Amino acid sequence: MSIVDERGPGFSPLQIRVAGYTVTGVAVAAGIAAIFDRSEVVTASDIALAVIALAFPIWAPELFEITTRSRGRTGRGANPFMLIPALLAFIAALMSDFVSVQPLLIGAAAGGAVAGGAAWLRRTRAGVTGPVQLVVLAALAGAGLGFGVPALIDVRFDAAPAQPCHATVTSMYVSHGKSTSYHLRLGPWGAMPQGGGVQVSSSLYAALNPGDQVCIGLHPGALGLPWYTVRQCEGPS
């Protein structure tokens, strides 16, 4: 059944399409802002807008398809632009370091299943020409939100004081790809008795040498998912 024939609010297809792309555009702006601004207001806005933006192409998928060309063939399918808010939430979440990401991976699987399942139920609507692409893109967006939303809530809404810890830098390396990233390998410390690796800023990397100690702030997390920050120790450890 097409959105034109479906009972519900008296909105025209054009109004729904305009509203969907407007919300998605604002969600993209909020997602970019959330990468740089860790405030609760910006984070809450990013989360809410990203979820609403994904709801539009699932609710009325036939209104959010575009024409694509690949290898000389022309076709229509779900607009990948609708993925961007979820992708930005995922990127913002990756900027924090968690003691364990397993709960977040479970969240990603659940989010992908819910969004993909909802898209699967809507794939037979009149006018949908790319049902497989719809389900795949919805599942990917749902997975991004399933990972990013709890991670952002856990970190950005955590008001508890950090527990101070120390760790020794056992090794350091620089990764060169599309961008350059700086990494430390840390020895055992409180929440991570096996130690582990962490990505740091170029300035922190330049200030350290193997064998140095770093100061770690261990946070309990608003959702109970412990996360931590790493910084250079001030004065003798």
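The values are calculated or read from the model by the stated rules, or taken from the named source; none is laboratory data. Please read all numbers here as calculations on a predicted model, not as lab measurements. No Cβ is skipped: glycine too gets one built from the backbone with ideal geometry, and neighbour counts run over all protein chains shown.
Taking the options ALA207, ALA222, name whichever one is of a type in the set (A, V, I, L, M) and touching a helix residue (DSSP H, G or I) at 6+ places or on another chain (Cβ under 9 Å). Walk me through how you get there before you give the answer.
Working: ALA207 fails: touching a helix residue (DSSP H, G or I) at 6+ places or on another chain (Cβ under 9 Å).
Going through ALA207, ALA222 in turn, the sole match is ALA222.
Scanning for something closer than 19 Å to TYR228 by Cβ, in contact with a His (Cβ under 9 Å, 6 or more places away or on another chain) and hydrophobic (A, V, I, L, M, F, W, C), does the range 169-177 turn up at least one residue?
yes
Per-residue answers, yes or no, for (1) more than 21 Å from THR43 (Cα to Cα); (2) of a type outside the set (Asp, Glu); (3) assigned by TED's automatic domain parsing to the domain that holds GLN199; (4) at pLDDT below 95:
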| site | (1), (2), (3), (4) |
| --- | --- |
| LEU87 | no, yes, no, no |
| ALA92 | no, yes, no, no |
| VAL101 | no, yes, no, no |
| GLY116 | yes, yes, no, no |
| ARG123 | yes, yes, no, yes |
| VAL128 | yes, yes, no, yes |
| VAL132 | yes, yes, no, yes |
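Of the residues ARG231, ARG156, which single one is closer than 29 Å to ALA50 by Cα and either among the basic types (Lys, Arg) or exposed (fewer than 13 other Cβ atoms within 10 Å of the Cβ) (or both)?
Details: ARG231 fails: closer than 29 Å to ALA50 by Cα.
Result: ARG156 is the single residue among ARG231, ARG156 that is closer than 29 Å to ALA50 by Cα and either among the basic types (Lys, Arg) or exposed (fewer than 13 other Cβ atoms within 10 Å of the Cβ) (or both).
Limited to the range 27-57, what total is found for residues that are part of a loop (DSSP other than H, G, I, E, B) and closer than 19 Å to LEU140 by Cα?
First, pick out the residues of the range 27-57 that are part of a loop (DSSP other than H, G, I, E, B): 37-39.
Applying the additional criterion that residues be closer than 19 Å to LEU140 by Cα yields none.
Summing the residues that are part of a loop (DSSP other than H, G, I, E, B) and closer than 19 Å to LEU140 by Cα in the range 27-57 gives 0.
Restricting attention to the range 53-64, does a residue exist that is in the same structural domain as LEU152 (by TED's automatic domain parsing) and under 16 Å from the mean Cα position of the chain (by Cα)? Can you show your working first?
If we filter the range 53-64 for residues that are in the same structural domain as LEU152 (by TED's automatic domain parsing), which is where we start, we get 53-64.
In the following step, the residues that additionally are under 16 Å from the mean Cα position of the chain (by Cα) were identified as 53-54.
Yes: the range 53-64 contains one or more residues that are in the same structural domain as LEU152 (by TED's automatic domain parsing) and under 16 Å from the mean Cα position of the chain (by Cα).
From the list SER171, SER181, pick out the single residue that is part of a strand (DSSP E or B) and within 28 Å of PRO85 (Cβ to Cβ). Steps first, please.
Values: SER171 fails: within 28 Å of PRO85 (Cβ to Cβ).
Of the residues listed, the single one that is part of a strand (DSSP E or B) and within 28 Å of PRO85 (Cβ to Cβ) is SER181.
With respect to GLY211, is the statement that it is within 30 Å of ILE58 (Cβ to Cβ), in a loop (DSSP other than H, G, I, E, B) and not assigned by TED's automatic domain parsing to the domain that holds LEU88 true? Quick ask: steps written out before the conclusion?
Working: within 30 Å of ILE58 (Cβ to Cβ): no; in a loop (DSSP other than H, G, I, E, B): yes; not assigned by TED's automatic domain parsing to the domain that holds LEU88: yes.
No, not satisfied.
Quick check on GLY72: is it assigned by TED's automatic domain parsing to the domain that holds VAL136, in contact with a Gly (Cβ under 6 Å, 6 or more places away or on another chain) and at pLDDT below 95? Working first, answer last.
Values: assigned by TED's automatic domain parsing to the domain that holds VAL136: yes; in contact with a Gly (Cβ under 6 Å, 6 or more places away or on another chain): no; at pLDDT below 95: yes.
Spelling it out, it is not the case that GLY72 is assigned by TED's automatic domain parsing to the domain that holds VAL136, in contact with a Gly (Cβ under 6 Å, 6 or more places away or on another chain) and at pLDDT below 95.
Out of the range 117-138, which residues are part of a helix (DSSP H, G or I) and surrounded by fewer than 21 Cβ atoms within 10 Å (Cβ to Cβ)?
GLY117, ALA118, TRP120, LEU121, ARG122, PRO131, VAL132, VAL136
Return the pairs, sorted by first residue and then second, in which the second residue is in a helix (DSSP H, G or I), the first residue lies in the range 126-151 and is free of Cβ contacts under 8 Å to residues at least 24 places away in the same chain, the beta carbons are less than 6 Å apart, and the residues are 6+ apart or on different chains.
VAL135/GLY116; VAL135/ALA119; VAL135/TRP120
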